[in-house]
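The values are calculated or read from the model by the stated rules, or taken from the named source; none is laboratory data. Fair warning: this is a prediction, and the values are worked out from it, not measured in the lab. Counting neighbours? That spans all protein chains shown, and the Cβs are built from the backbone with ideal geometry, glycine included.
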Amino acid sequence: MEIGMLHTHVLVVTLFLLFLLFKTVLLLINKNELLAKVRKFKMIDPILGVLMLATGGYLLSLYGAAAPTYLWVKLVIVLIIIPIGIVAFKKENKAMAIIALLLTFYIYGVSEVGSLTFSKEETVAVADDSPAQNAQEVVIEGETSDILKTGKEVYLSECKKCHGKDGKKGLFKSPDLTESKLNLSERVAWIKKGKGVMPAYENELSASEIEAVALYLDELK
Ligand code: HEC
């Protein structure tokens, strides 16, 4: 569900950006007749706009209270772009069209990098509300090879979609699991509680499945 929504969101935003780019180019090179024809498809912008906000709003809601600032700023900028875009093409105002286009490129970039200033450091999550804080000592008993087998199965069916087969996929800005500093007990606590987009698994998986997948994460390193 989350993944499908993210893909739809990216697709809609890309279409919006391309359409805006196309219209801006027509405006800049004074192809006003062609632009008027393109603008006859009045519904394209509102439809894409609503889809963009609806899918984006859903994704934002997944984060709950943990939504990073850049996502809120993005939302505000989108709400600014839409009226600027509408006025720009209505009044055939080149400067406004360029502003709308640049702002759209900017938020596209912000989303890719996950930072308003495109800096890497800013994207590192603050650890103060980490679910790992309440970790309780976990001792795993049983045949390690069996546990790892279960762990791998759980990982591939539940975790791979965001974290990738090798733990490095980073969908939704999830951290590279091969670089994780969490110990086994902390990972178990994390997987149980989840955080932001990362689902809580305490009611989805059994305690032994959670322990198994937490142990399996060492195999990715
Ligand atoms: C919908 C996407 C998604 C799925 C599915 C998912 N995760 Fe995550 N995971 C994330 C995100 C995003 C974060 C970072 C959350 C944050 O810091 O706010 C994360 C963080 C983690 C962390 C913390 C790493 C660290 O060092 O900080 C661990 C461990 C982890 N995930 C394990 C798993 C396991 C195991 C599964 C499967 C049972 C799983 N995840 C499923 C998105 C996901």
Please give the number of the condition T150 fails out of (1) within 26 Å of Y63 (Cβ to Cβ); (2) surrounded by 14 or more Cβ atoms within 10 Å (Cβ to Cβ).
(1)
From (1) away from the ligand (no atom under 16 Å from the Cβ); (2) modelled with pLDDT of 90 or more; (3) in contact with a Gly (Cβ under 7 Å, 6 or more places away or on another chain), pick out the condition that doesn't hold for I82.
(2)
Residue set L53, L34, L17; condition at negative phi and touching a residue at least 40 places away in the same chain (Cβ under 8 Å); output residue L17
